[in-house]
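Contents: one structure, followed by commentary.
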Amino acid sequence: MSNYDVPFGVGVDFETGVMDNPDRVITRRASDMRGYYANPEALEALIASGDPIHYMVYEKAIPERQGHLLFCMSVLQPGRVGNEYFLTKGHYHTEVDTAETYLCVGGRGYLLMKTEDGQWAAEKMEKGRMVYAPPLWAHRSINTGSEPLISFCVYPAHAGHNYGDIQTQGFPRRIMQGEPEPRLVK
Ligand code: PAN
Ligand code: ZN
């Protein structure tokens, strides 16, 4: 029995994406993102010029077992590494048969998704839009706007995270600066 086997409530600020009293706060800075961008020199320059925060995730320590739901607030800063918009690492769920929903509460960007067999999708994220990542689809957020991209995410608590496959294979598309719309490039 944990604190989270009894009902509870928690406040979240949709303007900032910050959760009240989170049990875990994950902070990813530019230096945590080596290997993820098309332009490693531009990333090193960003690290040298202050190593800015890329994104933060706020979570409650829900028990990671079947039946529970994990939820979090994810706050991805605006910015670019060279011409490529800031992104999250992205992952498959270790238990591949688990989905996730993202509700965007601020900012704009994409949820980029892919499967092992080569399918991919880029769903627009903007305030009030919900995006569904079905079972088997890896997912990554990308901020193409000028404000933080703020999302509320919910997924089965036993899902687990597999980062390794994305670290080695990446996604079939990158999202680069473009006018009037961002460009999706191979
Ligand atoms: C989200 C992500 C969050 C950060 O909560 O974990 O946006 O992205 P990375 O985990 O890829 O660094 C989620 O998809 N959880 O399963
Ligand atoms: Zn996920």
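Here's the list of lysines a cross-link from LYS89 could span, going by alpha-carbon distance under 19 Å and ignoring same-chain residues fewer than 8 apart: LYS114, LYS124, LYS186. Karplus-based coupling profile of the stretch 62-68, in residue order and whole Hz: 4, x, 8, 9, 3, x, 7, with θ = phi - 60° in 6.51 cos²θ - 1.76 cosθ + 1.60 and x standing for Gly or Pro. The 1.4 Å probe gives accessible areas that order HIS158, HIS93, largest first, as HIS158, HIS93. Phi-derived couplings, Karplus 6.51 cos²θ - 1.76 cosθ + 1.60 at θ = phi - 60°, listed residue by residue for the stretch 124-136: 5, 10, 7, 3, x, 9, 9, 10, 10, 9, x, x, 6 Hz, with x used for Gly and Pro. Fully extending the segment from LYS124 to HIS161 would add 11.0 nm, taking 0.36 nm per residue of separation and subtracting the current Cα-Cα distance. What does the charge count near SER74 come to, summing +1 for each Lys or Arg and -1 for each Asp or Glu among other residues with Cβ under 13 Å from its Cβ? That works out to +2. Note that the stretch 1-56 shows a convex hull volume over its alpha carbon atoms of 129 Å³ per residue.
Taking θ as phi - 60° and the Karplus parameters 6.51, -1.76 and 1.60, the scalar couplings of the stretch 164-178 work out to x, 5, 6, 4, 8, 9, x, 10, x, 9, 10, 10, 10, 4, x Hz in sequence order, x denoting glycine and proline. Each peptide in 96-106, 143-153 gets a packing score, the mean of other Cβ atoms within 10 Å over its residues, and the list from highest to lowest is 143-153, 96-106.
When a 1.4 Å probe is rolled over the protein heavy atoms, the share of accessible surface on the chain that falls to carbon and sulfur comes to 50 percent.
Relative to the Cα centre, the charge distribution of the stretch 91-143, modelled as +1 at Lys and Arg Cβ and -1 at Asp and Glu Cβ, gives a dipole magnitude of about 420 debye. Who wins for biggest fluctuation among SER74, SER49, SER31 in a Gaussian network model of the chain, springs between alpha carbons below 10 Å? Result for the chain, Cα springs under 10 Å: SER49 fluctuates most. Is the shape of the chain best called rounded, prolate or oblate, per the rule: a/c under 1.5 gives rounded, else a/b larger than b/c gives prolate, else oblate, with a ≥ b ≥ c the square roots of the Cα gyration tensor eigenvalues? Since a/c reaches 1.5 and a/b is larger than b/c, the shape of the chain is classed as prolate.
Taking the centroid of alpha carbons for each part, the stretch 1-45 and the stretch 166-186 are 22 Å apart.
What the stretch 16-185 shows is 46 Å² of accessible area per residue, with the surface traced by a 1.4 Å probe over protein heavy atoms. Seen from SER146, the other residues with C-beta closer than 12 Å to its C-beta sum to a net charge of +1, counting Lys and Arg as +1 and Asp and Glu as -1. Here LYS127 is the anchor, and the aspartates and glutamates within straight C-alpha reach of less than 13 Å, apart from those fewer than 8 places off in the same chain, are GLU15, GLU147.
Close amide H pairs (under 5 Å, H built 1.01 Å from N) link ARG80 with PHE86, residues at least 5 positions away or on another chain.
The GNM of the chain, with springs linking C-alpha atoms under 10 angstrom apart, assigns the highest mean-square fluctuation among GLY17, GLY90, GLY35 to GLY35.
The values are calculated or read from the model by the stated rules, or taken from the named source; none is laboratory data. It should be emphasised that the depicted structure is a prediction, and the values quoted were computed from it without experimental measurement. As a convention, Cβ positions derive from the backbone with ideal geometry for all residues, glycine included, and neighbour counts pool all protein chains shown. Remember, those area values only see protein heavy atoms, side chains included, never the ligands or the DNA or RNA. Shrake-Rupley method; radii C 1.70, N 1.55, O 1.52, S 1.80 Å.
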